[in-house]
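K.L.:
Dropping a structure here in structure tokens format, bear with me for questions.
The values are calculated or read from the model by the stated rules, or taken from the named source; none is laboratory data. A quick note: this is a predicted structure, and the numbers were derived from the prediction, not measured. Virtual Cβ from ideal backbone geometry, glycine too; neighbours counted across all protein chains shown. Protein only, heavy atoms only, side chains kept; ligands, DNA and RNA dropped before computing areas. Shrake-Rupley method; radii C 1.70, N 1.55, O 1.52, S 1.80 Å.
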Amino acid sequence: VLAERYWGTGLFMASAEIVLRFLFEFVGLQRLEARSVALNGRGNGVLYKLGATREGLLRRAFSKHGKYFDEVLWSLLASDWRKGRRLAAPQSH
């Protein structure tokens, strides 16, 4: 969670990359799951940018102040993350 003044600075993506690298390369995690409220465009967008795959919609899975919201289930596999990092790496000539 970042204060609003840091939104759009790239700080979240840089931090997420560090955490993902730790989980996949040092801890040995093979699969990471995340949930985001379906109406949360920013949250779903960042999961997509990180290379996560949308696996499904969980109907009325989240409750806040007596209202229910659908959630999106995302997954990121270590193999997909590594492949994405290679594709995003600058090419040397």
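K.L.:
Give the Debye-formula value of log10 I(q)/I(0) at each listed q (0.23 Å⁻¹), with one equal scatterer per alpha carbon of the chain, two decimals each.
P.N.:
Per q value, in the given order, log10 I(q)/I(0) is -1.23.
K.L.:
May I pose another question? Per the helix-only calculation at 222 nm, which mean residue ellipticity applies to the chain, given -39500 (n - 2.57) for every DSSP H run of n ≥ 4 and division by its residues, nearest 500 deg cm²/dmol?
P.N.:
-10000 deg cm²/dmol
K.L.:
How many nm separate the modelled label positions at K83 and Q30, each set 7 Å beyond the Cα in the direction of the Cβ?
P.N.:
Calculated label separation equals 1.6 nm.
K.L.:
With springs only between Cα atoms under 10 Å apart, run a GNM on the chain and tell me which of A78, A34, A14 wobbles the most.
P.N.:
Highest fluctuation among the options: A14.
K.L.:
Figure the gain on full extension for H65 and L23 (residue separation times 0.36 nm, minus the Cα-Cα span) and round it to one decimal in nm.
P.N.:
Full-extension gain reported as 11.8 nm.
K.L.:
Write down the accessible area per residue of the stretch 1-45 in Å², having rolled a 1.4 Å probe over the full set of protein chains.
P.N.:
Heavy-atom SASA per residue in the stretch 1-45 reads 76 Å².
K.L.:
Just tell me which aspartates and glutamates come within less than 13 Å, Cα to Cα, of K49; anything on the same chain fewer than 8 places away is out.
P.N.:
Partners within reach: E17, D80.
K.L.:
How much of the accessible area of the stretch 9-70, in percent, comes from carbon and sulfur atoms when a 1.4 Å probe is used?
P.N.:
58
K.L.:
Return one quarter of the surface area of the convex hull spanned by the alpha-carbon atoms of the stretch 1-54, equal to its mean projected area, in nm².
P.N.:
Quarter of the Cα hull surface area: 4.1 nm².
K.L.:
Looking only at A16, A61, A38, which one moves most when the chain is put into a Gaussian network model with springs between Cα atoms under 10 Å?
P.N.:
A61
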